[in-house]
Amino acid sequence: LFFFSLACLLASTIVRARPLRWTIFLLIFTTNTYLVFSTTGNAVSDYFIGSVLVSGVSTVADYALVTNIHRDFRIVGQKDAIPDTAPLVQRFRWGFRLFLAPHGVGWEHEPWGIFRSRVPVDTPKWRFIMCQLASVIYYLLLLDAASIYNRANPVFLVGGPPINSRPLLWRCVDICSFAVTQISQQSILQCVLSITSVSINYSRPHNWLGPFGYWGDAYTLRR
């Protein structure tokens, strides 16, 4: 059902008829509501699935209900909207690119001037790949250090003491260590995907952003 929900989300970027897009929204909303009350028994998997479900409903509500994406969204350099008679393969490629660009990077609706982690347009491909490889090594070491700490921490063990039994300072360290683990894993995945995409010339270095924004911008959702 989880992958069915993702497939429906992608379908919402391909289907043009509004009644069908409403149907897709209802399918995703119903499926995700059911999944919210159904767990896998694995805390890590449940956390990941829950995060995707919430963002999926918000995204499909935008694509299917609020915005006419085929009329309003354009890839940079695209002059005309996707025609109704466009082949399914062309609409799938267009929709897949939109599905992979939640920040709007490479699209005319992209917000300019707020992505601090973006590399310059003229960044050579080899330099970008080397920087991303260095980032992978850095985050692997960071992940390893945080994982060693977490495994040795009785709070994170099944049946261990509650986190509020620890002094306040160590509670802060425990929370930061858990956060570092999540940040490192997502950063490694993003780096590997960017290296692969740029290497096969599917995208340019300038199209890739860091997975996390600047902490000083956390006061506003617009950044």
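Some observations on this one:
- Residue that is surrounded by the fewest Cβ atoms within 10 Å (Cβ to Cβ), among those in segment 137-161 that are small (Gly, Ala, Ser) and part of a helix (DSSP H, G or I): ALA152
- Flag if ALA152 is over 24 Å from SER197 (Cβ atoms) and under 23 Å from the mean Cα position of the chain (by Cα): no
- Qualifying residue in segment 63-86 (condition: in contact with a helix residue (DSSP H, G or I) (Cβ under 7 Å, 6 or more places away or on another chain), hydroxyl-bearing (Ser, Thr, Tyr) and closer than 30 Å to ALA179 by Cα): no
- Breaking point among (1) farther than 28 Å from TYR214 by Cβ; (2) at pLDDT below 80, for ARG116: (1)
- Matching helices (runs of 4 or more DSSP H) fully within segment 16-108 where at least 2 residues are closer than 30 Å to PHE156 by Cα: 18-36, 43-61
- In summary, LEU189 fulfils each of the numbered conditions (1) part of a helix (DSSP H, G or I); (2) touching a helix residue (DSSP H, G or I) at 6+ places or on another chain (Cβ under 9 Å) with the single exception of condition (2).
- Within segment 198-217, residues that are closer than 17 Å to PRO111 by Cβ have Cβ atoms under 7 Å from residues that are surrounded by 15 or more Cβ atoms within 10 Å (Cβ to Cβ) and of a type in the set (D, E, K, R) in these pairs: HIS206/ARG118; LEU209/ARG118, counting only partners at least 6 apart in sequence or on another chain.
- Only residues that are under 25 Å from SER184 (Cα atoms), surrounded by 12 or more Cβ atoms within 10 Å (Cβ to Cβ) and without any contact (Cβ under 8 Å) to a residue 24 or more places away in the chain were counted in segment 97-136, giving 5.
- Taking the conditions (1) within 25 Å of ILE195 (Cα to Cα); (2) out of contact with any Lys or Arg (no Cβ under 9 Å at 6 or more places or on another chain); (3) surrounded by fewer than 16 Cβ atoms within 10 Å (Cβ to Cβ) in turn, SER38 satisfies each one other than (1).
The values are calculated or read from the model by the stated rules, or taken from the named source; none is laboratory data. Source: prediction; values computed, not measured. Every residue, glycine as well, gets a Cβ built from its backbone with ideal geometry; the counts of neighbours run over all protein chains shown.
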